[in-house]
Each structure stands twice: as structure tokens, then as C-alpha cells.
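Here is the structure we will look at, set down as C-alpha cells.
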Amino acid sequence: MSLDRLISISDLKKIYTKKIKSILGIVNSDLRLLSSNFWNRSLEYPVVTEEVLAALILKFLLGLESSVKLGEILCEIKLSKLENFSKILKRIIASNELKPFNISGFLLFTDFKYPDTLSSEINFWNFWSERKPVEIKNFDEYFNDFMEFLSNNSLFIEYLKGLCNVDENTFNLLLEFALEKIVLVEKQIFKWYGADGFTTYDRKIYIKLFETDCPVMNKAAIFYVLLHELCHYFRRTSCLTWEDSRNCSTPETSIDGIPLSEAGNIFEIQFFGDRHRFLNKSVCEFFLSSTETLSREEYSTKFAFINRTRGRFFVSLMRGACLGEKNIVELSGCAFSKHRGYD
């Protein structure tokens, strides 16, 4: 029909819109019921694949219905041969260790209203449709080092403990549980979200495997990102359902006159003096080995000073841009920050 020059673009949009409304009229009640079951499901219980699919496909249809670029989007979908949309989604949801990551990621990011947001999702679907193996590691090799790292930086512990307002024993149990569930994932998976870390709605933490030639810098980057993600984790410890977690928000805090309402970003600025675009080797060494008794203000000032640019370092204008230096590890940010427009 779109090749028929007798049919105007406005008429095509009307035809497409009518078809989508017709589909929604048929499936809306069933999809809403299943979707509601998913959002009200306890975080302690396994998800039901059909309920997750319903939540995603309902968002897909509602996005198309309200899109002002409907014709372009349907053309993109057609060209990408996504006839097996639900099969690809089901494969993604059934991906074992990455299941919470994929479910939360899709529910956060999937936006079918605009072609530019759709393109990255199409790439992600195509990636999964090709069944490529994914490199995954647990946190075991870093567990003891991170616990020792926290013991040398009690300021971090006190801050995180304050986010969930629990006694010390409960906090320690929650922390150990969080660390045991961490999944380190190859950077390709994070590429589609332009992020280094992600805490899912059901409180599982995923962190990118950093791949510099320096193990100290890789470890420092993982710990830096983990501290950010733990802020999201401890904000959600009282959440009971997926809906609770989705609606969990951070009270707005003003720093230097700038209002902030994202837990990890607030933490970074308060403790590290900035949301750093990179970590140089010197600050990585300081970060991992420091046992100095400093106030939060003193620590953040020193961290930012050591991580300053010098010589021929080029400071990118956007977080995650390539700096091309061997003595730095680049940072892209948090998936929740990206979704909520903080980067």
C-alpha cells in the first residue's frame, strides 16, 4: 500500500492507526490483565514469561498507537524483518543469567514512538536473534577485595546504610546478598544501552567487564560502578513488587544549586567531586588502596584533583565518548541515568 502513490501519507497513517486500534480492541483486556499480574508479582517469585511478554507487547502497541511517526516506524520494522517479534522477546526473556537484565532493560528503554529510539532496539533484537554466546562472570574473584575495600572506606558504608535505614546486621546481610548476585557481562550487552552498570527492578546488579590492559584500572572501574549501583539497590530493598521497584524514586537533592534526583549520581558527586567521564591510573590506585581517614568533602576534593586532566588528555564533552588513552578507563554511566535523561 505504501508503494501506491495514489495513497497519501496522511491516509496511510489513518489506515495504520485504525488497524492498531482494531488490534488493541481485540487483545487489550487480555494483555492488561497479564501485564497487571506481572507488575504486581512479588520480586521474590519467578516471573511468568507470558506476563512479561504481555507487558512488553502492550507497551509496543500503545507506543505505536500514540506515535507521531507511525509510518516510518512500521517501515523500519518491516525492513528489519521482525515478523517473529514475540519469538525474539521470548528468547531474550529465557536467557538464564541475563533474564532480569533483559526484562528490566526492555521495560525501561523500549520506546516505539520514534524511529531513532527504535533503531537501537532493532539492533538489540537482531543481536539476540543471532544467538551469539555471551561472556558472563560472577563476582567471586572480587568479593573479598571489595569487602576489604569497604572496610577501609567506612564513609561509603555509612552512606549506603543510610539509604535503606536498617540496623548493621541487616545491612551486612543485604550487602552480602547483593554481591553474591552480581553478574559481570561483556561490554557488547551494555553497548545498546550506552552504560556500564544496571540494577534491575528485581534488585540484581549487572556490571560491564572492563577490558583495559591494566587489571588495577579494570578493578577500580568495576568498584566505582558498583558503588553507584549499590545506591540503586539499597534504595529498593523495601520494594515488594515490580511495580514498587518501578516507582521507587530518590528525593531531590540540591548540590551547588543543581537539583539531582538520581541516587547513584548524587553519590558520585558527593564522594568523588564529579560524575567522572574517565578514571586515570593514579586515581584508580588511590581509590583501591586509600586507607586515609578523610571527611567526605576532603575525599571528594582529593579524588577529583588526582583524576584531573593534564598533559594531552582530552576531556570529552559527553560521558562515554572515546578518549583514546592507554592510561585511562572510560565510563559511560548508569542505565537508569540514561533512561531518565541525566546524561
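Filter segment 261-309 down to the residues that are among the aliphatic types (A, V, I, L, M) and either in a helix (DSSP H, G or I) or closer than 23 Å to S249 by Cα (or both) and list them by number.
Result: A263, I266, I269, V283, L288, A304, I306.
Being part of a helix (DSSP H, G or I) and out of contact with any strand residue (DSSP E or B) (no Cβ under 6 Å at 6 or more places or on another chain) is the filter here; which residues of segment 229-248 pass it?
Result: L230, C231, F234, R235, W242, E243, D244, S245, R246.
Within segment 271-296, which residues are in contact (Cβ under 8 Å) with a residue 40 or more places away in the chain and over 17 Å from L150 (Cα atoms)?
The answer is R275, H276, R277, F278, L279, N280, K281.
In segment 133-146, what residues are assigned to a helix (DSSP H, G or I), farther than 16 Å from H228 by Cβ and in contact (Cβ under 8 Å) with a residue 24 or more places away in the chain?
F143, D145
Quick one: which of K90, K21, K78 is more than 25 Å from E243 (Cα to Cα) and modelled with pLDDT under 85?
Checking each option against the conditions leaves just K78.
Tell me whether segment 319-334 contains one or more residues that are in contact with a His (Cβ under 7 Å, 6 or more places away or on another chain), crowded, with 17+ Cβ neighbours inside 10 Å and at pLDDT below 80.
Yes, there is a match, as at least one residue in segment 319-334 is in contact with a His (Cβ under 7 Å, 6 or more places away or on another chain), crowded, with 17+ Cβ neighbours inside 10 Å and at pLDDT below 80.
Within segment 134-156, work out how many residues are over 9 Å from L184 (Cβ atoms), among the hydrophobic types (A, V, I, L, M, F, W, C) and within 23 Å of the chain's Cα centre (by Cα).
Summing the residues that are over 9 Å from L184 (Cβ atoms), among the hydrophobic types (A, V, I, L, M, F, W, C) and within 23 Å of the chain's Cα centre (by Cα) in segment 134-156 gives 4.
Among the candidates G63, G71, which residue alone is modelled with pLDDT of 75 or more and not assigned by TED's automatic domain parsing to the domain that holds V185?
Just one listed residue meets the conditions, G63.
Go through segment 18-68 and report how many residues are touching a residue at least 40 places away in the same chain (Cβ under 8 Å) and surrounded by 16 or more Cβ atoms within 10 Å (Cβ to Cβ).
Qualifying residue count for the region: 18.
The values are calculated or read from the model by the stated rules, or taken from the named source; none is laboratory data. Just so it is clear, the model here is predicted, and its values are computed rather than measured. Ideal geometry is used to build each Cβ from the backbone, glycine not excepted, and the neighbour counts take in all protein chains shown.
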